[in-house]
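Each remark here refers to the structure printed beneath this line.
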Amino acid sequence: MPYNTPAPSPIPPVATGSGRSVTPPPQTLAVLLPSRCVACSAVGPSPCPRCLASMSSCPNTPVPDGLDDCKALLRYEGATREIVTRLKYRNQRSSLRWLGSALADLVDAEAVDVVTWAPTTGSRVRERGFDHAELIARRVAGRTGVPVRSLLDRGPGPAQTGRSEVERHSGPSFLPRRSLCGSSVLLIDDVMTTGSTLSAAARALRTAGASRVRGLVVAHRPWSGRRHQEPEPNRLRAV
Ligand SMILES: [Zn+2]
């Protein structure tokens with residue numbers, strides 16, 4: 001079944017009175033506008049307590065081929081989906097601090113030498129001006145005290161978003177940027193569906209010498225061909 005993540009519309013431009021319109025930079029908006037929940041727009045922290053209470057943790061995450069371990073913070077639904085897509089497509093970062101802290105709580109920092117991320121396509125980064133997976137990885141690294149490094153280049157090919165699940169199984173291609181000499185790597189991504197992106201990234205890290213590769217993603221979106229038991233959801237605590 002095709003999987004398409006809807007891209008929210010861009011931030012509307014502001015009329016200047018001179019006949020031109022400009023789009024305020026995010027920093028300006030942050031100063032002018034009160035903090036709001038990214039998922040429901042309630043004034044206050046993001047996510048707000050109500051959305052936080054609605055988000056379900058994801059304790060039984062399947063481990064993709066090539067990884068030693070994999071954890072997902074949340075199930076990809078409701079407020080979680082809203083937070084991820086708004087970070088990814090609208091550069092709305094007000095949930096990043098919470099995400100970084102909540103993800104860091106899942107990390108055994110003593111068992112990890114370096115944090116990295118599965119880079120998105122170069123065209124997407126040029127179009128958006130940032131790599132959302134890198135933003136998340138840097139937050140997790142900051143909270144855990146583990147160094148963060150750009151260890152992978154993305155090879156040519158389309159992004160996974162919008163591809164069918166069959167197409168997704170082929171996965172993107174990654175190339176290692178440096179030798180890893182037996183390092184234990186924590187690999188960050190936003191959403192895991194089939195796991196093919198994490199598997200491809202892990203293969204590249206191992207060819208560079210990584211001894212262990214652990215995956216950590218914001219959310220898991222189960223796909224129809226791979227069923228697994230999901231226990232009663234736990235509610236997340238505020239960070
Ligand atoms: Zn909310």
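None of the figures in this text is laboratory data; all of them are computed from the coordinates on show. The structure displayed is predicted, hence computed values, not measured ones. Quick reminder, even Gly has a Cβ in these numbers, built from the backbone with ideal geometry, and neighbours come from all protein chains shown.
Points to keep in mind about this one:
- Alpha carbon convex hull of the range 57-220, projected area averaged over orientations, nm²: 8.6
- Cβ charges +1 (Lys, Arg) and -1 (Asp, Glu), total dipole of the range 57-220, debye: 540
- 10 Å beta-carbon shell around ALA118, net charge (K/R +1, D/E -1): -3
- Computed on the range 28-98, the Cα convex hull volume stands at 107 Å³ per residue.
- Local charge for ARG138 was computed over the other residues whose Cβ lies under 12 Å away, with Lys and Arg +1 and Asp and Glu -1, and equals +3.
- Reported value for the range 70-136: 100 Å³ per residue, from the convex hull of its C-alpha atoms.
- Modelled FRET efficiency - R0 30 Å, LEU175 with ALA53, Cβ distances, 0.05 increments: 0.10
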